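A.B. asks: Quick one: the structure is below, questions incoming.
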Amino acid sequence: MKIQYILFLSTSNLTKRKLRSVLTIGGMAVGISLIVFLISLGFGLQQLIKSQITNVEALTILDVSKGESTLLELNENVVDQFKTIDSVDDVSPSLSLSGQIGIEESVTDTAIYGIDPAFISMEGIKVNYGEVFTDDVAKEIIATQTALNLVSLSDPEAAVGQELDLKLLVPEIIEGTQEEELVSKEVKVVIKGVIIDEDELAIAYVPIKFLVGLGYSPDYSEAKVKVGDTSGEDYTLARVKVTDESQLQAVREQIEGMGYQVDSIADTVGQIDKIFLVFELVMALFGVIAMFVAAMGSLNTLTVSLLERTREIGVMKALGATSRDIYRLFLVEAIMIGMTGGIIGIIIGYLMGKGVNYGINYLAARAGGEQVTIFSTPLWFVGVVALIAFLVSVVTGLYPARRAGKINPLDALRYE
């Protein structure tokens, strides 16, 4: 029997008993849509949280410090050693110290970070108002809104371009000795940019060479190492997730082998992935239960159909149909039920997620909040769900198909 005729007979049998077919396909669609909806929620929340704490470039960066060691140095020579490690693209050293900023009578303590302006993106600094530093020795400062609020500069746009007094304790050699003393030094700096910080911390950034020019030795407190391939090309999402992650661990082990403490945002991302893997498995379990119930309904429908069509099967075999043809006929019917329910379920689950996203973003827009995406349905996941629907339909169709194929035509013709 040709496959075209088998498809025709299967479609005819399903449409002949419309209500039963609709209920069976509907049960399969409910199970699949529940899986798509719940797992899409897990994917969406996972991406939302990861996007709040990191970006693509951050996944390629290692934070290196001396840790608790008093013997290690983190100076220009060490930075040059880091640059020679295979797969290291850039190294951005930084200095951290305490200081004060003020304007007229308003003064506040602030954490000061000296950074290389060329690697400002590696430091995760996003300037909301103003610009980045003019050059690497400029007497300029980029401060958080919280720090400026403490010196009565509450308008970030108006603050850009104003002068601040920056007071630091600078180490100087005591004349006639090799010992150092800390001398208070005050310099004028221009506010070049303002950062709107969610953590509400009083932080300011200045060019690192500007600090060195004041008397600080380039003995860095921390260095950020950007991992990449030796070609120096721009990164893409695929390279960060596949190639660079393997490079990240190799570079990390080499630097840790030198005695330095290494941290990475990838550690946090890895923990998030593990947590959401459990969440997605739990959500999938609920969907699998609904899927199992739907599969039992499909099995019941095919078994009842087999009993109702026993005489028909006998006639078909008497007219020349083989057991293989009957087997394929019932198996195709099971696949048609499963795949139709699966496709409808995928569409319903996807639209449900889109609908909830739209509703949440509509309410957020009305309340003046930020729009978010809490449901995400990757294309590969849709393919996996479709494959699951196909496999379930094949499994549920095997028993009635085998049973139908083994029916003796003489017994079937006598069947009432």
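Read-outs throughout are calculated quantities, based only on the coordinates presented, and are distinct from any laboratory measurement. Owing to the predicted nature of the structure, the values given are computational and were not obtained by experimental measurement. Note: ideal-geometry Cβ built from the backbone for every residue, glycine included; neighbour counts use all protein chains shown.
A.B. asks: If each residue's Cβ is checked for other Cβ atoms within 10 Å, how do I388, I112 rank with the fewest at the top?
C.D. replies: I388, I112
A.B. asks: Now for a separate question. I need the peptides 283-291, 7-15 ranked by packing, meaning the mean over residues of other C-beta atoms within 10 angstrom, with the highest value on top.
C.D. replies: Values: 283-291: 17.2, 7-15: 14.8.
Going by the mean number of other Cβ atoms within 10 Å, highest first, we get 283-291, 7-15.
A.B. asks: Going down the list K188/K209; K139/K185; K139/K209; K66/K167, which pairs span over 20 Å between their C-alpha atoms?
C.D. replies: Numbers: K188/K209 16 Å; K139/K185 14 Å; K139/K209 10 Å; K66/K167 26 Å.
Flagged as over cut-off: K66/K167.
A.B. asks: If I take R0 = 22 Å and measure r between the Cβ atoms of D273 and S121 in this structure, what FRET efficiency does the formula 1/(1 + (r/R0)^6) give, to the nearest 0.05?
C.D. replies: 0.35
A.B. asks: Still on this model: Could you please report the charge total around K192, scoring K, R as +1 and D, E as -1 over all other residues with beta-carbon less than 12 angstrom from its beta-carbon?
C.D. replies: Values: positive: K139; negative: E131, D135, E140, E163.
Result for the local shell: -3.
A.B. asks: Can you give me the long-range amide H partners of F133? Hydrogens built in the peptide plane at 1.01 Å from N, cutoff under 5 Å, separation of 5 or more residues or another chain.
C.D. replies: Residues meeting the amide H criterion: none.
A.B. asks: Using +1 at the C-beta of Lys and Arg and -1 at the C-beta of Asp and Glu, which of G213, V79, F8 has the Cα lying farthest in the positive direction of the dipole of the chain?
C.D. replies: Going by the Cα projections, it comes out as F8.
A.B. asks: Right, next: Place a label point 7 angstrom from the Cα of D263 along the Cα-to-Cβ direction, then list the residues of the range 207-227 whose backbone nitrogen is under 14 Å away.
C.D. replies: Only 221-225 pass the distance filter.
A.B. asks: Need the full-extension length gain, V212 to L169, defined as separation in residues times 0.36 nm minus the C-alpha distance. One decimal, nm.
C.D. replies: 14.2 nm
A.B. asks: Right, something else. Which of I335, G368, S305 sits closest to the plus end of the dipole of the chain, meaning its Cα is farthest towards the positive end, when Lys and Arg get +1 and Asp and Glu get -1 on the C-beta?
C.D. replies: Value: S305.
A.B. asks: Which helices, counted as full DSSP H runs in the chain, have an axial Cα extent of no less than 24 Å and a Kyte-Doolittle average of 0.5 or above?
C.D. replies: The answer, listed by residue number, is 18-53, 265-308, 323-367, 379-405.
A.B. asks: Another one. Evaluate the distance, in nm, between pseudo-label points positioned 7 Å from the Cα of D155 and of K185 along their respective Cα→Cβ axes.
C.D. replies: 3.4
A.B. asks: So, one more: For the residue pair N300 and V137, what label-to-label distance in nm results when each label sits 7 Å from Cα along the Cα-to-beta-carbon direction?
C.D. replies: 8.4
A.B. asks: In debye, nearest 20, what is the charge dipole magnitude of the chain about its Cα centre with +1 on Lys and Arg Cβ and -1 on Asp and Glu Cβ, if you could check?
C.D. replies: I would put it at about 5520 debye.
A.B. asks: Further question: As a test of understanding, state the convex hull volume per residue of the range 1-154 from its alpha carbons, in Å³.
C.D. replies: Spelled out: Cα convex hull of the range 1-154, divided by residues, is 303 Å³.
A.B. asks: Would you order S40, S106, S98 from fewest to most other beta-carbon atoms within 10 Å of each residue's own beta-carbon?
C.D. replies: Working: S40 26, S106 15, S98 10.
Final ranking by Cβ density, sparse to dense: S98, S106, S40.
A.B. asks: Then there is this: Can you give the FRET efficiency for L387 and R311, using 1/(1 + (r/R0)^6), R0 = 41 Å, r = Cβ-Cβ distance, to the nearest 0.05?
C.D. replies: Once rounded, the FRET efficiency stands at 0.65.
A.B. asks: So for M352, M122, M258, fewest C-beta neighbours within 10 Å to most, what's the order?
C.D. replies: Lowest to highest Cβ neighbour count: M258, M352, M122.
A.B. asks: Something else: Of the listed values [x] 33.7, 120; [y] 22.1, 77; [z] 25.0, 86, identify the label whose number matches Rg and Dmax of the Cα atoms in Å calculated from this model.
C.D. replies: [x]
A.B. asks: Rounded to the nearest 20 Debye, what is the dipole magnitude of the range 1-154 about its Cα centre when Lys and Arg each give +1 and Asp and Glu each give -1 at the C-beta?
C.D. replies: It works out to roughly 2580 debye.
A.B. asks: With each label point set 7 Å from Cα along the Cα-Cβ vector, what nm distance links S12 and S69?
C.D. replies: Label-label distance for S12 and S69, simple model: 8.2 nm.
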